[in-house]
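There's a structure below that I have some questions on.
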Amino acid sequence: MIPRKFEYFAPTTVAQAVSLLRKYKDEAKILSGGMSLIPMMKLRLVSPQYVIDINNIKSLNYIKDSGRVVRIGALVRHADIEHSPVIREKFPMMVDAAAHIADMQVRNLGTFVGALAHADPAADWPASALALDAELVAQGSSKRIIKATKFFKGPFETALKPTELLVEALLPVPKGPKLGQAYLKFERKAGDYAIVGVASSVVLNENNEFEKVALALTAVNPFPFRATDAEQLLIGQKPSKELIEQAAKTAASMSDPSSDLRGSAEYKKEMARVFTRRSLNKALERAGVAL
Amino acid sequence: MPAKRAKQTGNSKQQVVIEINGTKYSYEVEPRLLLVHFIREYAGLTGTHIGCDTTNCGACTILMEFDGKWKAIKSCTYFAVQANGKRILTIEGLAKGDQLHPLQKAFWENHGLQCGYCTPGMIMAAAGFLMMNPNPTEEEVRHGISGNLCRCTGYVNIVKSILAAAEEIRSSGKPVIEV
């Protein structure tokens, strides 16, 4: 399969990339890992006239740990996250997620930030970005920070403007007496898109009460979302099997999946419940809390 | 031909130089040329196969050097212009003269192929995997090659071959690939 013709640019600085974007606007596409863009171009689902390859902007390739915040540059690959000791220590849900994205070859190229910008409604990364309260840095004529919770607008739709390049993600490191995170993905076959994916991050206080809960679901809605009703239900409470089950039901009731090859809407909603429960249980287990 | 089509620019070809198995290949190519087509049709190295052409089957897997590290990628999902100035390794570059690479030898000895179509991609993926994980369990090997499909379903012997090669490479004390 051969894409339509396009003009190719390989800028070496963010400024060059942004000036190309500002020149060509929505006729241009940013190429980072290319693991979604290139297949879409080959199928001619998209045919940008200008492709701006950011892989030569070496300054975008970093995972920087400043203690309270970890910054992930736009060229950090899924495999980099999968094998990063900093990520393993501070954001274990991301190691869970990275290891189940597509396959080794795709993980060697695909990027975390690129996946967020692509905003596939069934992608794994948006759930982590939402549950970790990530902030996304967009560079246009000026720089602005977009909260992940305000970033996803619809299927393949984000708050990013056509003239902006997503340059990095800022991940605040959760703090508290007892911390636990998990990302659980239910997939039909190895490397497939999720039927449902649930990211959870919990903070419990000394009295074993939920101080902070973040629950994000992917693949069961037109765009990934935070199950805020379920979070509210848990805050201030002591975890119990019944409470977790109730939260899982609430999260599932907020989902709005569509029927497709991966299952009927009814089935997916049921799986959203089951996997929310399991994800919360895993996060609690990692926080050292027994139910 | 579609009757009506959006104005498309992009006729301008670009000069690319790609080092494949130690030899530099320099051609003027369209930006839309996929790396796998560059390898097969321009460099004439047809060991790298095209299976699904949709990033699923892994038959087109090659190794590419990124900042001194070799990584397995699918060459059907990469533009040749992106590879400009890069070094890549294909199945033709694994053997040293008449001496097969330990992976090739292990696939031979363990009957790790039936029709052989997936084999070049399977071996290159295995090489990329063993560089990350030189001492894998059977389960890890199975996960490692989940991006490569064998439609003869000869996975049992493929996994056996990779485990055998891993052991031979470890005991030899040599790196997985020598370039």
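FYI, it's all coordinate maths here, none of it is from the lab. Keep in mind it's a predicted model, so treat the numbers as computed, not measured. All Cβ positions, glycine included, derive from the backbone under ideal geometry; neighbour counts span all protein chains shown.
Taking θ = phi - 60°, what integer Hz values does the Karplus form 6.51 cos²θ - 1.76 cosθ + 1.60 yield along region A:24-33, in sequence order, with x for Gly and Pro?
9, 6, 7, 8, 10, 10, 7, 10, 10, x
Apply the Karplus parameterisation 6.51 cos²θ - 1.76 cosθ + 1.60, with θ equal to phi minus 60°, to every residue of region A:181-193 and state each ³J(HN,Hα) to the nearest whole Hz, in sequence, with x for glycine and proline.
Whole-Hz 3J(HN,Hα) from phi for region A:181-193: 9, 7, 10, 10, 10, 10, 10, 6, 8, 3, x, 7, 5.
Next question. With the contact rule set at Cα under 8 Å and sequence spacing of 6 or more, what percent relative contact order holds for region A:42-169?
Reported as a whole number, the value is 22 percent.
Now for a separate question. Please report the net charge: other residues with Cβ closer than 13 Å to the Cβ of A:Arg188, K and R +1, D and E -1.
Net local charge, A:Arg188 excluded: +1.
B:Ile50: net charge of surrounding residues, Cβ under 15 Å, Lys/Arg +1, Asp/Glu -1, itself excluded?
Summing Lys/Arg as +1 and Asp/Glu as -1 gives +2.
Additional query: By how many nm would the segment from A:Ser253 to A:Lys143 lengthen if fully extended, with 0.36 nm per residue of separation less the alpha-carbon distance?
Gain on extension, A:Ser253 to A:Lys143, equals 35.9 nm.
State the antiparallel share, in %, of DSSP beta bridges confined to chain A, rounding to the nearest 5.
If I count the DSSP bridges inside chain A, around 85 percent turn out antiparallel.
A follow-up question, please. Separation between the B:Lys86 and A:Asp192 pseudo-spin-labels, each 7 Å from Cα along Cα→Cβ, expressed in nm?
3.0 nm
Return P(r) of chain B (all Cα-Cα pairs; 5 Å bins starting at 0; whole %; ordered from short to long distances).
For chain B, the pair-distance distribution reads 1, 8, 17, 20, 19, 14, 9, 5, 3, 2, 1, 0, 0.
Summing -39500 (n - 2.57) over the DSSP H runs of n ≥ 4 in the protein assembly as shown and dividing by its residue number, what mean residue ellipticity at 222 nm do you reach, to the nearest 500 deg cm²/dmol?
Roughly -9000 deg cm²/dmol at 222 nm, from the helical runs in the protein assembly as shown.
Farthest toward the dipole's positive end in the protein assembly as shown, which of B:His49, A:Val213, A:Pro126, given Cβ charges of +1 (Lys, Arg) and -1 (Asp, Glu) about the Cα centre?
In the protein assembly as shown, that residue is A:Pro126.
Under unit Cβ charges (Lys, Arg +1; Asp, Glu -1), what dipole magnitude, rounded to 20 debye, does region A:7-53 have relative to its Cα centre?
Dipole size: approximately 80 debye.
Then there is this: In percent, what relative contact order does region B:72-179 have, based on Cα pairs under 8 Å that are 6 or more apart in sequence?
Taking the mean separation of contacting Cα pairs over the length of region B:72-179, I get 34 percent.
Using +1 on the beta carbon of Lys and Arg, -1 on that of Asp and Glu, and nothing else charged, what's the dipole of region A:156-215 about the Cα centre, debye to 20?
Using Cβ point charges on Lys, Arg, Asp and Glu, region A:156-215 gives about 160 debye.
Taking θ = phi - 60°, what integer Hz values does the Karplus form 6.51 cos²θ - 1.76 cosθ + 1.60 yield along region A:72-89, in sequence order, with x for Gly and Pro?
10, x, 5, 9, 6, 8, 3, 5, 5, 5, 4, 10, 7, x, 4, 5, 4, 6
Just need the relative contact order of chain A here, percent rounded to a whole number, with Cα pairs under 8 Å and 6+ apart.
The value is 16 percent.
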